[in-house]
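To start, the structure itself, in structure tokens.
The values are calculated or read from the model by the stated rules, or taken from the named source; none is laboratory data. In this text, all values refer to a predicted model and were calculated from it rather than measured experimentally. Cβ placement follows ideal geometry from the backbone for every residue including glycine, while neighbour counts extend to all protein chains displayed. We work out accessible area using only protein heavy atoms, side chains counted, and drop any ligands, DNA or RNA first. Shrake-Rupley method; radii C 1.70, N 1.55, O 1.52, S 1.80 Å.
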Amino acid sequence: ETSFPHCHDHRRFSPLLRRYYNIAFYVIELLNLSTTSRMPPPPPNKYAKRSLRVIDAESDDGSTEYKRQVHKLSTSRLRTLATQMSYRLDQGMGRCTYHVGVEDDGCHSVMDYQAVSESAWVLESIARSLNAVVLERKMIQNEIEMDEDGEIRLLEGGDVVVVDEPPVLGKTTSKGLGYNDDGEDSDDAEDEKEEKTSSIDGDSKKDSVKLSTAEGSFTRCELTIQRVETHLLDPSPLGLSALSRASSFGEGVDGALAATSLQKLSKLDLTSHKEESKSCIEKENLPNANPTSLDEKINDSDNPISLEETLSSRNIRVAVVGNVDAGKSTLIGTLVSSFLDDGRGSSRTSIMKHRHEIESGRTSTATSHLLGFRHSGEPITGRDKVRANRMKSEDEIARESYRIITLMDLAGHEKYLKTTIHGVSSGMADYGLILVNSRHPPTHMTQHHLNLCCSFGIPVIVVFTKVDGCPDHALATSKSELTKLLKSPEIGRRPFAIKMENDITTCMGKLHTLAPMIDISCVTGEGLNLLRKMLFCLPKRRRHEKKADRPFEFLVEDIFNNVPGVGSVVSGFVNAGELTVGSTSHVFIGPTDDGTFLKSVAKSAHVARINTSRVTAGQSACLAFSLNKELRKKLRRGMVVVSENPTSTKEFDAEICVLKGEGTTIRRSYQAYVHILNVRQSAFAKEIEIVNNNVLGLPPSHGAKHDQDGIVLRPGSRAKVRFVFAQRPEYIRPGMRMLFRDGRVRGVGIITGIPVV
């Protein structure tokens, strides 16, 4: 080594090369070669310097992440890091910690101050793209040192320097942001740092020692990141693509600060993070009682909000039904994107699923779309503030929202009536939006949709669309015809016109007897604000959180086999209980065609495209299972995932009521298509027993009749019927609501029992 001072960088040599060099040096010494022909000395072991542990090893789960260095990354790599940070934020209930300059095993990475500081800036910019801010940025030095022989060792008996630096993009208090009370830049903000010195023994004391930025000053950084609502935070200061193109640290910081106004954050204080962030106080506020000023919004947001609670107890599910020309998809597209329609279908094309739907303008499948609201009732638009040509994803809307409205777009054409019936039956809708084209009177499909919602006990809200350019007499005729339908004995609702915000307050709590009516136009925007406020004020009707103590029950609505890198995935609704996914999460999937259940493991779960370790009652989720190719073929829609006591049956008893309408005759062996939540299958009546109508107070004309073929049920009749499935056994239990049809809805009922075989 003394003969070759120019060969000082030995870290790039592997241990195998080092062994070869040792042999070569031994041969050279034997041959007494000249110094000019000697080879470089063997390099030191490159792994020795990264074997000094300073903190505990990293865990795959939890809210803590370790990074050696984040430097000169591509856009795709930055997106991967953003996804990883989003996962850590979800694990920490909105807060996570990053350790920069640390290996995964907790050893010091031996990085200098400049490299660690640049990595911290990149992570802070990624946090801003996820609607998060850096609360603390601690720089730690004097933990390790290099001795005279060039060996790295832990510093014994010295003081560890811990300095709290202000975040590059601004802190969450006015003092840390670098702004004074007037909102102008403060000259002392850059120099203000809280410096702490703690000894290795645990004794702490304050000192005025500053950080060393010289080369060889081994540093590590600790970042504390907190997610906030978007209305309290400006858009991302620097996009991921622009971040990857930044040629230097200084250029990136200057661009970030130039593109961001940090004055809103001066009033936001997130430093007091409460441990009880898992619980949240639910507030059912009306628009006139909501905070309107920024200060009141910030004070209201001090109560920690759980994303899990937002997607369950504050998620209102609304079924949107109506005739084929009522404009259902157009209305949903306008609400979730906040862009008005051009009159030629621009809004509906943004949410339609299939090509033939876009070409024909007719929805043929049931889809769900999220509409988010903040505390104040302000809707969260579906367009990204920075990238206006990009729609926000479901996970972005869910994270930013205080309350979510799930709009279920159902088919309106008579050809797809069975799809609409299944969507209402399995959708667990809290309310129904009945859309009526104001230029044409209500059709028979409007009557079917009203009967369908009332059969399931779903309160309805009537929306008259396309009022722009509609003649007054046509609108008056449509309202008059619909009023007759609402007041009919089958519906039994009183129409109530919504003209102003006070009318919304009046009808709240009376939706089981009233039918609010709103006039809107998706082209001019008339009435859309009233409709948004109406949706925000709707109280939660289905309390699935009360069923969290029951055994886990997941209703399968769709199957995705052979997802790359995952396997079998099912989507559906958590009807009861809770499930924590993982290697020990054993569940039963079924029933199959022979009535048996498949035992598997729930590996992972997603809710609104957010990876989660636990799903609870009231959430729409996706579950991934560990199944081989043969078992995957047995999966089908209508199955159920349970954690215990799986049972299936082919027979069930139900108390039914035949709906009034066209002539319907039901006798023994009558076959119809039965809908029971997510189950849909043909069944026939095996036994019929008359219910005592006199006890119910019904007139004799509503009673079932006896003839030579047995009991005959007619419109208005009530009876107990034993049904038998025609194809395969299904998972059903007493208390489930059922509906049967043969072309149109014939009757509804409730399952009363399962025969014991």
Checked pairs for segment 654-676, first of a type in the set (Asp, Glu), second modelled with pLDDT under 90 and assigned to a loop (DSSP other than H, G, I, E, B), C-beta under 8 Å and 6 or more apart or across chains, list as 655/691; 662/744
request  = Please work out if residue 443 is in contact (Cβ under 8 Å) with a residue 60 or more places away in the chain, over 23 Å from residue 737 (Cβ atoms) and among the β-branched types (Val, Ile, Thr).
outcome  = yes
Taking first residues from segment 603-619 that are closer than 21 Å to residue 588 by Cβ and second residues anywhere that are open to solvent by 20 Å² or more (accessible area, probe 1.4 Å) and of a type in the set (Lys, Arg), the pairs with Cβ under 6 Å that are 6 or more apart or on different chains are 617/547
Residues in segment 638-672 that are closer than 18 Å to residue 743 by Cα, modelled with pLDDT under 90 and buried (at least 18 other Cβ atoms within 10 Å of the Cβ) total 5
- Filter result for residue 311 (closer than 25 Å to residue 460 by Cα and either open to solvent by 20 Å² or more (accessible area, probe 1.4 Å) or modelled with pLDDT under 85 (or both)): yes
task = Examine segment 31-40 for a residue that is in contact with a helix residue (DSSP H, G or I) (Cβ under 6 Å, 6 or more places away or on another chain) and modelled with pLDDT of 90 or more, and state whether such a residue exists.
result = no
Of the residues in segment 494-510 that are in contact (Cβ under 8 Å) with a residue 12 or more places away in the chain and among the hydrophobic types (A, V, I, L, M, F, W, C), the one that is most open to solvent (accessible area, probe 1.4 Å) is 500
Those strands (runs of 3 or more DSSP E) completely within segment 364-481 that have 2 or more residues that are open to solvent by less than 20 Å² (accessible area, probe 1.4 Å) and within 22 Å of residue 513 (Cβ to Cβ) are 431-437, 460-465
The residue that is farthest from residue 365 (Cα to Cα), considering only those in segment 330-339 that are of a type in the set (Ser, Thr, Tyr) and at pLDDT 90 or above, is 334
#### Entry: residue 525 being without any contact (Cβ under 8 Å) to a residue 40 or more places away in the chain, surrounded by fewer than 20 Cβ atoms within 10 Å (Cβ to Cβ) and either among the small types (Gly, Ala, Ser) or at positive phi (or both)
no
Against the definition (within 34 Å of the chain's Cα centre (by Cα) and either under 30 Å from residue 598 (Cα atoms) or not hydroxyl-bearing (Ser, Thr, Tyr) (or both)), how does residue 750 come out, yes or no? yes
All conditions in (1) at pLDDT 50 or above; (2) open to solvent by 10 Å² or more (accessible area, probe 1.4 Å); (3) more than 27 Å from residue 80 (Cα to Cα) are true of residue 163 except (2)
field: Boolean, residue 718 is modelled with pLDDT of 85 or more, surrounded by 13 or more Cβ atoms within 10 Å (Cβ to Cβ) and more than 19 Å from residue 651 (Cβ to Cβ)
entry: yes
By residue number, the members of segment 581-613 that are open to solvent by 70 Å² or more (accessible area, probe 1.4 Å) and under 13 Å from the mean Cα position of the chain (by Cα) are 606, 609
Note: among 224, 230, just one is under 30 Å from residue 79 (Cα atoms) and modelled with pLDDT under 75, namely 230
Of the residues in segment 323-363, those that are in a helix (DSSP H, G or I), more than 23 Å from residue 434 (Cβ to Cβ) and hydroxyl-bearing (Ser, Thr, Tyr) number 2
Residue pairs qualifying under the 7 Å Cβ cut-off, at least six apart or on distinct chains, with the first in segment 417-430 being over 17 Å from residue 407 (Cβ atoms) and the second being part of a helix (DSSP H, G or I), are 417/448; 421/452
Restricting segment 67-117 to residues that are of a type in the set (Lys, Arg) and open to solvent by 60 Å² or more (accessible area, probe 1.4 Å), the one modelled with the highest pLDDT turns out to be 68
By residue number, the members of segment 585-641 that are of a type in the set (Val, Ile, Thr), assigned to a strand (DSSP E or B) and over 21 Å from residue 317 (Cβ atoms) are 587, 589, 601
**Prompt:** Is it the case that some residue within segment 118-128 is open to solvent by 20 Å² or more (accessible area, probe 1.4 Å), touching a Phe, Trp or Tyr at 6+ places or on another chain (Cβ under 9 Å) and either modelled with pLDDT of 85 or more or at positive phi (or both)?
**Reply:** yes
Per the filter on segment 487-524, residues more than 31 Å from the chain's Cα centre (by Cα), small (Gly, Ala, Ser) and assigned to a loop (DSSP other than H, G, I, E, B) are 488, 492
